[in-house]
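Heads up, the thing below is written out as structure tokens.
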Amino acid sequence: MGKICNGDSFVTGQRREDVVLLHFADIIDGRLHVEQGKTGMRIAIPLNLNLKTVNLCLGEVIERCRASHSSDYIINTTRRSKNGDKSLHPDALTKAFVKARNATMLELGDNPPKFHEIRSLASRLFSIEKGEEFARLLGHKSAVMTKKYLDLRGKEYLLV
């Protein structure tokens, strides 16, 4: 399939279906403008957004993507289509994630993390670093849905 430049999902908390449609032209006045397909929410994310825990800055991730290929899409494969510059299919992004995940030396157990967990993890990390209100970055229409993403799903430690 070729190499896929990624990192946007993690530092933006956006759905894979929205990430694969992002263009460099969506960057206006130092912000990445996203219109979410599922909810219709429109958010403008500053390029200087930094997730300290993983040492990622949105602008730097985007510049690495720009340097890795000549597509108009921020995330794209290095292979060119016969039909011109087209967006990457979300399933191809998931497959690339699985391939990268499986190439790690991590013990993943019987239930390895799925691509969508990037979004949930990003929301929890941003909530810790910048406060729970910042998790609105995900673009949910309700605070209730954002709270679901912030839930540790019973995997937190009981302090004794």
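Just so it is clear, none of the values below were taken in a lab; they were calculated from the coordinates. In this text the structure is predicted, and so the values were computed from the model without any measurement. Counting neighbours? That spans all protein chains shown, and the Cβs are built from the backbone with ideal geometry, glycine included.
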task = For each of CYS57, CYS65, count neighbouring Cβ atoms within 10 Å of the residue's Cβ, then give the residues from fewest to most.
result = CYS57, CYS65
message = For LYS86, give me every one of the aspartates and glutamates with a C-alpha distance below 20 angstrom, ignoring sequence neighbours fewer than eight places off in its own chain.
response = ASP8, GLU17, ASP18, ASP26, GLU35, GLU63, ASP72
